[in-house]
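The values are calculated or read from the model by the stated rules, or taken from the named source; none is laboratory data. The model shown is predicted, which means the values in this text are computed figures rather than measured ones. Cβ placement follows ideal geometry from the backbone for every residue including glycine, while neighbour counts extend to all protein chains displayed. In case anyone asks, the SASA skips ligands and DNA or RNA and just uses the protein heavy atoms, side chains included. Shrake-Rupley method; radii C 1.70, N 1.55, O 1.52, S 1.80 Å.
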Amino acid sequence: MIEEIRKAAELIKGAKYTIAFTGAGVSQESGIPTFRDPGGIWDIVSPEEFGTAQGLISTLLNKPDKLREFLKNSLDTMRKAKPNPGHVALAELERMGLLKAVITQNIDNLHQEAGNQNVYELHGNLYRFRCTQCRDIRKFEKNEALSIFDNIIEGELDISSVMEKAPKCLSCGSVMRPDVVLFGEPVQQLQESFALAAQAEVTLVLGTSGTVYPAALIPRITRERGGWVIEINPYSPGYTELATVSIQGKSGEIMPVIIEEIKK
Ligand code: OAD
Ligand code: ZN
C-alpha cells in the first residue's frame, strides 16, 4: 500500500491541475452514514419515499411519524458532524497550491468547514434554501438552518405547518425549500464541473461508489482527456478499471499520509 501512496503523492506533486471528486464516504468518518454501504441511508429508508420530491410529499401525507423520526436522526447526525482528517487534508492540499477544486456530491458543507475555498456542489447544500417560485437563494448559518428544520419537525408535521414554518423568499415572499438535488432533479454546477474534470491532470476520487449520473462521469472525463485518476476507497471503489492508482483505505486515514509523503 505504501507504494501506491507514494505514487499518488508523486502524481499530485507533479501535476499542474489536480481536482478532488468526493462522495458520502469522505464524511463517513465524520459520523454521517453513506447511502449504499451496509446500514447506509438507502438501507434504512427507500429512495422512492425519501429521495424524490413526490415521494417526500406522500411520505409527509401518509407516514409523518416515519418522516419525523428519519429527519430527527439525520439532523442530530448533521449537528454533530465535524470535518475529519480527510476533509482537513483536502483543505491543506488547496492551501499548498496543489488542489484547484473540490467537486462534491455531498450536501453537508464539511469541505467548506474544513477550509476549502473552491467547492462545487453537484447535489446542492442542506443549509441553503431556494425559492420554490422564483428560485432565489438564501444562505443560512449551519445552526440557523438546523433550527429551522428542528422547528419544522416539532409539533404537527403536515403540509400547512411545514409551509408556514419554512423560510420565505426575500424577493417574492414564496415558500423556500432546501437547495438540495433530489432524484429526478437537475444537478447543479455541472458544466463548470465537467470543464474542471476535462482540464484536470489528476482527479482524486474519494468516497464515492460512482453510481449516480451525471456526477459519476467526472473521473471518466478526466481519463478520456488523458489525465490520471487516483481512487481511495475502503470497500466498494467505483472506478477500479479507470484508476491509475487505487488505494484501499479510508480517506481520513490515507489522505494525511499522502500529504506527509508530498511534503517529504
Ligand atoms: P455511496 O453510498 O453510493 O458510496 C459511498 C462510497 O464511499 C462507497 O464506495 C464506500 O466504499 C465508500 N466509503 C465508505 N467509507 C469510506 C471512508 N471512510 N473513506 C472513503 N470511502 C469510504 O455514496 P455516493 O457515491 O456519494 O445523491 O452516492 C452518490 C449519490 O447517491 C449521493 O450524492 C446521493 C445518493 O443518492 C442524491 O441523493 C441525488
Ligand atoms: Zn421567490
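How many nm is it between the label spots at E141 and K16, if each spot is 7 Å from the Cα in line with the beta carbon?
Label-label distance for E141 and K16, simple model: 4.3 nm.
Give the distance, in whole Å, between the Cα centre of segment 204-264 and the Cα centre of segment 1-26.
Their Cα centres are 7 Å away from one another.
Quick one: give the max-minus-min coordinate of the C-alpha atoms of the chain along each principal axis, largest first, in Å.
Principal-axis extents of the Cα atoms in the chain, largest first: 58, 38, 29 Å.
To check my understanding: the extent here is largest minus smallest coordinate of the Cα atoms along each principal axis. What are those three numbers for segment 1-54, in Å, largest first?
Extents along the principal axes, in whole Å: 47, 24, 16.
Beyond 28 Å between alpha-carbons counts as too far, so tell me which of K13/K139; K165/K250; K72/K139; K72/K100 fall in that bin.
Among K13/K139; K165/K250; K72/K139; K72/K100, the Cα-Cα distance tops 28 Å for K13/K139; K165/K250; K72/K100.
From largest to smallest, what semi-axes in whole angstrom does segment 57-136 give when each is the square root of 5 times an eigenvalue of its alpha carbon gyration tensor?
31, 17, 8
Solvent-accessible area per residue for the chain at a 1.4 Å probe radius, Å²? Don't skip to the answer; put the middle values down first.
Working: 12640 Å² over 264 residues.
I get 48 Å² per residue for the chain.
Using θ = phi - 60° and the Karplus curve 6.51 cos²θ - 1.76 cosθ + 1.60, what whole-Hz ³J(HN,Hα) does each residue of segment 32-38 get, with Gly and Pro shown as x?
Using θ = phi - 60°, the values come out as 9, x, 7, 8, 10, 6, x Hz.
Only four residue types carry charge here, +1 at the Cβ of Lys and Arg and -1 at the Cβ of Asp and Glu. Report the dipole size of segment 152-264 about the Cα centre in Debye, rounded to the nearest 20. Provide the component values of the computation, followed by the final result.
Working: 9 positive and 14 negative charges, 65 e Å.
In debye, rounded to 20, segment 152-264 gives about 320.
How large is the Kirkwood hydrodynamic radius of segment 111-264, in angstrom, based on all distinct alpha carbon pairs? Walk me through the numbers before you get to the answer.
Working: mean 1/r = 0.0551 Å⁻¹.
Result for segment 111-264, one decimal place: 18.1 Å.
Using amide H atoms built 1.01 Å from N in the peptide plane, name the residues 5+ places from L204, or on other chains, whose amide H lies under 5 Å from its own.
Hits under the 5 Å cutoff: I19, A20, F21, I230.
State the extension gain, in nm to one decimal, for the chain segment bounded by N151 and S171, taking 0.36 nm per residue of separation less the distance between their alpha-carbons.
4.9 nm
For a protection proxy built on the mean count of beta-carbon atoms within 10 angstrom, sort 64-75, 14-25, 126-137 highest first, please. Walk me through the intermediate numbers first.
On the way: 64-75: 15.2, 14-25: 22.7, 126-137: 17.1.
So the peptides 64-75, 14-25, 126-137, ranked by packing, come out 14-25, 126-137, 64-75.
Would you kindly state how much longer the chain becomes between E3 and E192 on full extension, computed as 0.36 nm times their sequence separation minus their alpha carbon distance, in nm to one decimal?
Values: separation 189, 0.36 × 189 = 68.04 nm, distance 3.34 nm.
Gain on extension, E3 to E192, equals 64.7 nm.
For a protection proxy built on the mean count of beta-carbon atoms within 10 angstrom, sort 40-48, 116-124 highest first, please.
Working: 40-48: 14.2, 116-124: 19.6.
The most tightly packed comes first, giving 116-124, 40-48.
Search the structure for amide H atoms under 5 Å from the amide H of G124, placed 1.01 Å from N in the peptide plane, and list their residues when 5 or more places away or on another chain.
Distant-sequence amide H within range of G124: V181, Q188.
Along the principal axes of its C-alpha atoms, what lengths does segment 179-236 span, in descending order and rounded to whole Å?
31, 29, 16
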